[in-house]
Amino acid sequence: MLKAFTRNYQDNSTEAGFQFTFYCDNCSDGYKSSFIESETYKKKKGSRLLGQGLGMAGSLLGGRMSNIGYQAERGTNILSERFEGRSPEWQKEHERAFERAQNEAQQHFHRCHSCYKYVCDACHNEDEGLCVGCAPRQEIYVAKARADAMRRNIDEKAQAATVWQGELESKTTVCPTCGKPAGTGKFCNNCGASMDLNTCARCGAKNAQAVRFCNNCGNPMTAPPSGKCGGCGFENAPGTRFCGGCGTKL
């Protein structure tokens, strides 16, 4: 069973040769070892070529030599079947290649003495002898802290900023004459009726033209304004604010 200096690796080996990829435990970047060709595969390939050559020679010579070529090719096929299931020789080669690949890859990895992870050169804090997860580089950590503080300050300013001062509610004025939306002008967009408000003669409140009684004091909007003083009964002209007989406010 293969035992690596790190469990974070991948076996890329094939029948033709051996290669392994070792990964950083922090950033997952990988280092792929050099390819090592299998000696058993080279022998198998050579035997296959030899058998094919003998078979071709036998077919040219014919008769007995052809039978010899057939025997040689049959022997080659048996040899191929032997290596098809990864022979013990191949497995021994595999173990040696794995040990060689580890020795090659270990030069590019460092073990953190705090979390015991194997990390690449980029994730190793050489000043502290630890990985950057346990001991971040000071200049990088300061830059990240400044960036985080900047984002927080921007978010806080954005929360307090007033970027719109309009009204959320939308009111539609209905024309008292035709009963349809009148728009925002002085005259109805639909029928052209005046949208000016009537003033109550008693309290001065503004009321729609179709209103019969003041919505503020209840005074009839259609009744002619009276100038009679309620205190002394003196008849004053319409619109008079103080009684001409006693000075009482009308």
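A few remarks follow.
- Computed from backbone phi with θ = phi - 60° and the Karplus coefficients 6.51, -1.76 and 1.60, the 3J(HN,Hα) list for segment 156-167 is 5, 4, 5, 5, 8, 6, 9, 9, 8, 10, x, 9 Hz; x is used for glycine and proline.
- Loop-located trypsin sites (Lys or Arg not before Pro) in segment 81-164 (DSSP state not H, G, I, E or B) with no more than 16 neighbouring Cβ atoms inside 10 Å: 86, 137.
- Residues whose amide H comes within less than 5 Å of that of residue 250, counting only those at least five positions distant or on another chain, are 242, 243 (H built at 1.01 Å from N in the peptide plane).
- Under 12 Å from the Cα of residue 144 - aspartates and glutamates, other chains or at least 8 residues apart: none
- Among the chymotrypsin sites (Phe, Trp or Tyr not before Pro) found in segment 97-173, those both in a DSSP coil and sparsely packed, with 14 or fewer other Cβ atoms within 10 Å of their Cβ, are 116, 164.
- At a probe radius of 1.4 angstrom, the accessible area of segment 80-141 per residue rounds to 67 square angstrom.
- Using the Cβ-Cβ distance between residue 96 and residue 151 with R0 = 51 Å, the FRET efficiency computed as 1/(1 + (r/R0)^6) comes to roughly 0.45.
- For segment 197-204, putting each phi into the Karplus relation 6.51 cos²θ - 1.76 cosθ + 1.60 with θ = phi - 60° gives couplings of 8, 8, 9, 5, 5, 8, 10, x Hz, in residue order, rounded to whole numbers and with x for Gly and Pro.
- For residue 17, nonlocal amide neighbours, meaning residues 5 or more places apart or on other chains whose placed amide H falls under 5 Å from its own, are 38.
- Computed FRET value (nearest 0.05) for residue 208 with residue 165, which takes r as the C-beta separation and R₀ as 35 Å: 0.80
- Hits among lysines - C-alpha to C-alpha of residue 44 under 20 Å, sequence gap 8 or more where chains match: 92
- According to the calculation over all Cα-Cα pairs in segment 81-136, the P(r) per 10 Å bin from zero is 23, 30, 20, 16, 10, 1 %.
- Estimated FRET transfer efficiency when R0 is 45 angstrom, pair residue 103-residue 139 (beta carbons, to 0.05): 0.85
- Annotation: aspartates and glutamates with alpha-carbon distance below 18 angstrom to residue 42 (same-chain offsets under eight excluded): 15, 73, 81, 84, 89, 93, 95.
- Computed log10 I(q)/I(0) for segment 100-250 at 0.21 Å⁻¹: -1.22, from the Debye equation with unit scatterers placed on every C-alpha and solvent omitted.
- Applying both filters, DSSP loop and at most 14 other Cβ atoms within 10 Å, to the GluC sites (Glu not before Pro) of segment 108-187 gives 126, 167, 169.
- Less than 5 angstrom separates the built amide H of residue 189 from those of 183, all sequence-distant by 5 or more or on a different chain.
The values are calculated or read from the model by the stated rules, or taken from the named source; none is laboratory data. Bear in mind that the values here come from a model prediction, so they are computed numbers and not experimental data. Every residue, glycine among them, receives a Cβ derived from its backbone with ideal geometry; neighbour counts consider all protein chains shown. Remember, those area values only see protein heavy atoms, side chains included, never the ligands or the DNA or RNA. Shrake-Rupley method; radii C 1.70, N 1.55, O 1.52, S 1.80 Å.
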